[in-house]
Amino acid sequence: FNTRRQHPQRLTTRVLLVDLLSQLKLWAISIVFLRINMVKGEAAPKENSIVKQSKYSYSRWLGLVLLLGILAFSQIGQERGSLNDVGKIKTTQVPEKQCGAFCDARKNQLGKHYGGDLLDTNYLIDAVEKELENLHNRLKKDYGEEAFQSMWVNKRTNKVLGNRALYSADQQTDISYNKFKRKLQMKVLRVQIALMDEMENLEGCNCLESSGTSSERRRRLNEEKTIVLPKVKTFMERFVWSTGGHSAAAAHGNLHNESYTAFLEKSAKDSFRAVGIEFIGRNYAMGGMDSAPNLAVCNEAVYGTDADVISWDFGMTDGGAHWKTRLYASRTGVHVNRPAHVTINVGGRNFKHRIGSLAQAEADGVPSLYLKPDIQEKISSGIPDSFGMGLEDLNKLGPFARYYKCKTQIEKEEPCGKQKYNENVCKNRKFKASWHPGWREHASAGNILALATVETLIEALKDIVKHHAGVGPMELYNQLKAEEDAEYSEYMKSEVSDEYPNFVSEELVKEGLKTNIFFRNKAICKTSLLPAQSRYLGILTESEMKGEIRGYDIGFDSEEAMKVPPIDAKDKGSLTLVYEKKKRQQCEVDLNIDYKDYFFASDKYGWATMRFPNDAEIKAYASDGFKPSGVIMLCLLKCDWGKCPPGDASYDGFKEGKWKMELNGNPVTDIAKVDQCFVLKTKDGFKNMPREEDGRYELRVLMEKQADVPVSFIRITSIAVF
């Protein structure tokens, strides 16, 4: 985050030199252009032919018109200037006598765009509270007045739900909630600092310290009609909520824009826009996936290095493996952007154990929040029962409450069961299962998360006014940043016991494979899974094919990959990025976007090779240098319901010699199982350094031909280097 100020005197001098050279060049071109036309005119044939005389007169006039157009265009271009990036050299400067008027006009422009003064925290509080009221009114329309009161209003306090709906694991200290508020405060302060940087040197004017009366400024601005205000940035910052979870969180059976993450973004974005921040909701949940170790270790590659929240909604797939919850939460503390961890749908018989895992991560230093189950139960219990209602009563309910509950059952029983999913588009789509929530349930979850987040934003702003009055944005930001830096420094130094249950065996710990490596070490992950930012941004394939949901490099169809002819010579094959076309749903709108793509090789490939990490991965995930401890984790594709096809590589298959691996030319002698993933061991043990010649790793895989299956193959989803 660059907080340096550009020196206005130096900036003005450089711009004047650039302008002077540009003017000299233009006048030189003009003189040459005119001279050419004069020569042409003098050389015109002295005939009586009107046609030939007109031809040369037309040429002279055309030349003059073009010349005037070039000069006018260049002057307009200079007047408009460029303000795409604050701090860059501008093509023009506003005359000093016009700065007062120019700054007044700019402040008025910013006020109209953002609705007020972003540097005034009291205004920000009013603006967000107004947007929250607008959200309440929208919910009244969506649910109907009666349903809104019964579902969304606390009868005891008569206030709309949302305030303090996100709990710290330790409610007595509320430390995680306070850290989440601090993150929001730092976001707002970054907006204010960026705006101050821009205003301090805007087209050569210091608009933070401009002087002159308003009437005098307006008069001066009217004297100079050619000044054009720079374009206002739509947003000054971003706040990214990345959702992790299983198929229900991914909104399987629904449209992609009907997930609770989509409703969260829709309901929160206006409140964040009021403070100059773009709210982005990423639904990156994946059907059939556990939270750890694969996704936990690969959180930067999957959820993005810019994630501010990484949520957990893996209750059905994690089950009683509570070490996964702790690892997933703990890895957010290693994430470069220091996101908050938020657990969703934490209720049920595993509630105490999961909160215990969160409390451990919180005690270590990770902000670990969870959505209070009592609030979700309050919303569910308040849903009006549509069964037996007459048409008049049904019409009093909004579409979000109508046919939501029948015979006390959520989205079950008739007529609610038939109304569970949106049938207006692609009605024959997959995954409309009984255990997947419909769009109304997703809307409720997204709306309560939005209300909770916006309420926290308001509280964060009020804390700035209450506890930091008179402290400038830069000073306060540096203070909060120093607090955060100190906490995370201590976190990275903290140790996780090697006796942590159900994780690494005592024998492996003795060989140097300590639990702390997986909980605290930075990691670079190469993953084929979707959705993932590394796929969308072209980092995985180092490709110019980029795009969110579409436009990225999809790889090769699995059926085509199976047909690759045998490769007899060593070092001729490569692990191939593969997708399964038959699993892609076809619809005019986005449905599920999660796919278990993989790196593939079969017994037809011979030795298949993969080198990692690539340059783009190092730039994205190890910008301060690639300094691995040498532990390599490889994750195979997790088969749906545990049913893998014949010939698929497995842990047992490796032990039986059905497939082999080499790492940097050394045979992999053993693999240590960590759930669906393995840690590779060579003659050098579990810690293997990169190759000296290029600082990279080279993995080679050989699938042996088996007599009892048509083809032997391997499907790798991720490779992580700690």
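Worth pointing out:
- Under the condition of being touching a residue at least 60 places away in the same chain (Cβ under 8 Å) and open to solvent by 30 Å² or more (accessible area, probe 1.4 Å), the residues counted in region 666-675 number 1.
- Glu414 being in a helix (DSSP H, G or I), open to solvent by 20 Å² or more (accessible area, probe 1.4 Å) and among the acidic types (Asp, Glu): no
- With respect to (1) outside any helix (DSSP H, G or I); (2) touching a residue at least 12 places away in the same chain (Cβ under 8 Å), the lone exception for Ser444 is condition (1).
- Verdict on Ala469 being exposed (fewer than 12 other Cβ atoms within 10 Å of the Cβ), small (Gly, Ala, Ser), out of contact with any Asp or Glu (no Cβ under 6 Å at 6 or more places or on another chain) and assigned to a helix (DSSP H, G or I): no
- Cys639 open to solvent by less than 50 Å² (accessible area, probe 1.4 Å) and over 27 Å from Gly512 (Cα atoms): yes
- Tabulated pairs, region 144-168, first farther than 23 Å from Asn345 by Cα and without any contact (Cβ under 8 Å) to a residue 24 or more places away in the chain, second among the polar types (S, T, N, Q) and assigned to a loop (DSSP other than H, G, I, E, B), C-beta under 6 angstrom, 6+ apart or interchain: none
- When Gln185 is tested against (1) in a helix (DSSP H, G or I); (2) without any contact (Cβ under 8 Å) to a residue 24 or more places away in the chain, just one condition goes unmet, and that condition is (2).
- Within the option set Asn154, Asn158, Asn137, being over 19 Å from Ser381 (Cα atoms), polar (S, T, N, Q) and more than 25 Å from the chain's Cα centre (by Cα) holds for one residue only, Asn137.
- Glu377 meets the stated requirement of being assigned to a helix (DSSP H, G or I) and open to solvent by 30 Å² or more (accessible area, probe 1.4 Å).
- Residues that are farther than 15 Å from Ala169 by Cβ, of a type in the set (Gly, Ala, Ser) and out of contact with any Lys or Arg (no Cβ under 9 Å at 6 or more places or on another chain) do not occur anywhere in region 353-371.
Here's the yes/no breakdown for (1) farther than 30 Å from Lys705 by Cβ; (2) within 19 Å of the chain's Cα centre (by Cα):
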site	(1), (2)
Arg520	yes, no
Cys525	yes, yes
Leu529	no, yes
Gly538	yes, yes
Lys546	yes, yes
Asp553	yes, yes
Ala561	no, no
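- In this structure, Lys658 does not satisfy being surrounded by fewer than 14 Cβ atoms within 10 Å (Cβ to Cβ) and either within 28 Å of Glu559 (Cα to Cα) or not small (Gly, Ala, Ser) (or both).
- Test for Ser386: is it surrounded by 13 or more Cβ atoms within 10 Å (Cβ to Cβ), among the hydroxyl-bearing types (Ser, Thr, Tyr) and on the phi < 0 side of the Ramachandran plot: yes
- Screening Lys705 against (1) open to solvent by less than 30 Å² (accessible area, probe 1.4 Å); (2) in contact with an Asp or Glu (Cβ under 6 Å, 6 or more places away or on another chain) leaves a single unmet condition, (1).
- Just so you know, in region 347-374 the residues that are acidic (Asp, Glu) and open to solvent by 20 Å² or more (accessible area, probe 1.4 Å) include one that is nearest to Phe400 (Cα to Cα), and it is Asp374.
- Condition met for Lys673 (farther than 27 Å from Gly555 by Cα, of a type outside the set (A, V, I, L, M) and either modelled with pLDDT of 95 or more or not in a strand (DSSP E or B) (or both)): no
- Search result, residues across region 676-701 that are assigned to a strand (DSSP E or B) and either closer than 19 Å to Ser528 by Cβ or open to solvent by less than 30 Å² (accessible area, probe 1.4 Å) (or both): Cys677, Phe678, Val679, Leu680, Thr682, Gly685, Tyr697, Glu698, Leu699, Arg700, Val701
- Residue pairs meeting the criteria (Cβ under 9 Å; at least 6 apart or on separate chains; first at pLDDT below 80, in region 497-514; second of a type in the set (S, T, N, Q) and open to solvent by less than 30 Å² (accessible area, probe 1.4 Å)): Glu499/Thr515; Tyr500/Thr515; Phe503/Thr515; Val504/Thr515
- Region 571-615, subset open to solvent by 30 Å² or more (accessible area, probe 1.4 Å) and more than 30 Å from Glu423 (Cβ to Cβ), residue nearest to the chain's Cα centre (by Cα): Asp615
The values are calculated or read from the model by the stated rules, or taken from the named source; none is laboratory data. Please read these numbers as outputs of a predicted model, since none were measured by experiment. Using ideal geometry, Cβ is built from the backbone for each residue, glycine included, and neighbour counts are taken over all protein chains shown. Quick note on the areas: whole protein, heavy atoms, side chains included, nothing else; ligands and nucleic acids left out. Shrake-Rupley method; radii C 1.70, N 1.55, O 1.52, S 1.80 Å.
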